[in-house]
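Undergrad: Just passing along the structure, written as structure tokens.
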Amino acid sequence: MALQNGGKTEGEHESVPFSKPKGRWLLLTVRIVAFLATASATIVMALNKETKTLVVATIGSTPITLTLTAKFQHTPAFVFFVIANANASFHNLLMILVEICGNKLDYKGLRLVLVAVFDMMAVVLASAGDGAATFMAELGKRGNSHARWNKICDKFDSYCDRGGWALIASYIGLSLLTLISALSMIRLMKPKPANQPTTIP
Amino acid sequence: MTTKTKRFLALLLRVIALGATVAAIVIMVTSHDSATVLNLTFEAKYSNTPAFRYFVIAEAVAGGYSVLALLLSFNSLFSRLVLMMDVVIAMLLSSSISAALAIAHVGKKGNSHAGWLPICGQVPNFCDKVTGALIAGFIASILYLLLILYSLHSALAPLFALKP
């Protein structure tokens, strides 16, 4: 079977999808863009912080100020968002390295299978981080009148803006990760049985 | 493992996941509580929060897809399509449970930095039922993750069997 020899040397097993150089470069490019997207989401959210000083009262001639800070660590959902995106970008980086210099290391043809499995798990993890952060951001933007939770985005607007950009970058990363996962699974498919070599006895 | 055992196990995983999604929907939709504190009436329903509405919708979509996949799994033509759709549904389930957990955490513990008070003290029945629904949703999400790993393994098992 074509997948028996483990790994793909370029141009040899042409009937397996994405084993030719053009298909491999496509996958690699998509992975690089996904890595950039998830890494930028992590960094933008991790550096998200805003401080506001309010004057609460005035005694005589000295104003009493109150300093309020909005940090991403205040919300567990955003902490999970940063951790999940950091994991996803690390996964992308690792897979890029495996693609570039991994043709030699292979263990009984398991390399492609492991790549597909890890891609699926990265998709699930990244989607969980996105879901939590989206709804927490929506709560911060609109509040919840039934639970008497006030919105905070009117006071900390640049915090909310940067959080929004991090979310958008993370969505781009997630959709690209889904595409990568589908492509990795297609790569595992058996070649067309047009002229198959004889099977291993 | 024969093919029959493999298919039976995959079927079993799907049926249990379907049961978990149905349980999550039912418990969440029937969660309802109200409390009156100092002339203010707290009425807690799942539809007040967009995260819980998304949770119910996502579980409903996953449950409907499970029924469809159960019917399609007897025909091995669709096995690859079912595998890819399984990944999409696992992604949907994980994002919905994560969103619902985030909002439920705020409801239970509040957020002192944002000035949000916890509401579980006033509406304990609602909080208990939501916890039950979240547990069922979590089980469904984990089962779908196991299902996609198992489907990939069983689709590739002929590959491993031929190794010298």
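The values are calculated or read from the model by the stated rules, or taken from the named source; none is laboratory data. Everything quoted here is computed from the prediction, not taken from an experiment. Neighbour counts run over all protein chains shown; Cβ positions are idealised from the backbone, glycine included. Note: accessible area is taken over every heavy atom of the protein model, side chains too, but ligands, DNA and RNA are not part of it. Shrake-Rupley method; radii C 1.70, N 1.55, O 1.52, S 1.80 Å.
Undergrad: Which count do you get for residues in the stretch A:117-174 that are more than 7 Å from chain B (Cβ to nearest Cβ) and acidic (Asp, Glu)?
TA: Going through the stretch A:117-174 one residue at a time, the tally reaches 4.
Undergrad: Out of the residues in the stretch B:20-45 meeting the condition of being among the β-branched types (Val, Ile, Thr) and out of contact with any Ser or Thr (no Cβ under 8 Å at 6 or more places or on another chain), tell me which one is farthest from B:GLY63 (Cα to Cα).
TA: Here the residue is B:VAL37.
Undergrad: Which of the residues that make up the stretch A:160-186 are open to solvent by 10 Å² or more (accessible area, probe 1.4 Å) and in contact with a Ser or Thr (Cβ under 7 Å, 6 or more places away or on another chain)?
TA: A:LEU167, A:ALA169, A:LEU174
Undergrad: Suppose we filter the stretch B:101-148 for residues that are hydrophobic (A, V, I, L, M, F, W, C) and modelled with pLDDT under 90; how many remain?
TA: Looking only at that region, the number is 6.
Undergrad: Follow-up. Is one or more of the residues making up the stretch B:42-60 of a type outside the set (Lys, Arg) and over 25 Å from A:LYS141 (Cα atoms)?
TA: yes
Undergrad: What number of residues within the stretch B:64-105 satisfy the criterion of being under 30 Å from A:HIS146 (Cβ atoms), within 7 Å of another protein chain (Cβ to nearest Cβ) and either β-branched (Val, Ile, Thr) or without any contact (Cβ under 8 Å) to a residue 24 or more places away in the chain (or both)?
TA: 4
One line per residue, one yes/no per condition, for (1) under 11 Å from the mean Cα position of the chain (by Cα); (2) of a type in the set (Val, Ile, Thr); (3) part of a helix (DSSP H, G or I); (4) more than 15 Å from B:ALA90 (Cβ to Cβ):
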| position | (1), (2), (3), (4) |
| --- | --- |
| B:LYS6 | no, no, yes, yes |
| B:LEU11 | no, no, yes, yes |
| B:LEU18 | yes, no, yes, no |
| B:ALA23 | yes, no, yes, yes |
| B:PHE42 | no, no, no, yes |
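Undergrad: Those residues that are within 8 Å of chain A (Cβ to nearest Cβ) and touching a residue at least 24 places away in the same chain (Cβ under 8 Å), I need them from the stretch B:108-140; list them, please.
TA: Matches in the stretch B:108-140: B:ILE119 only.
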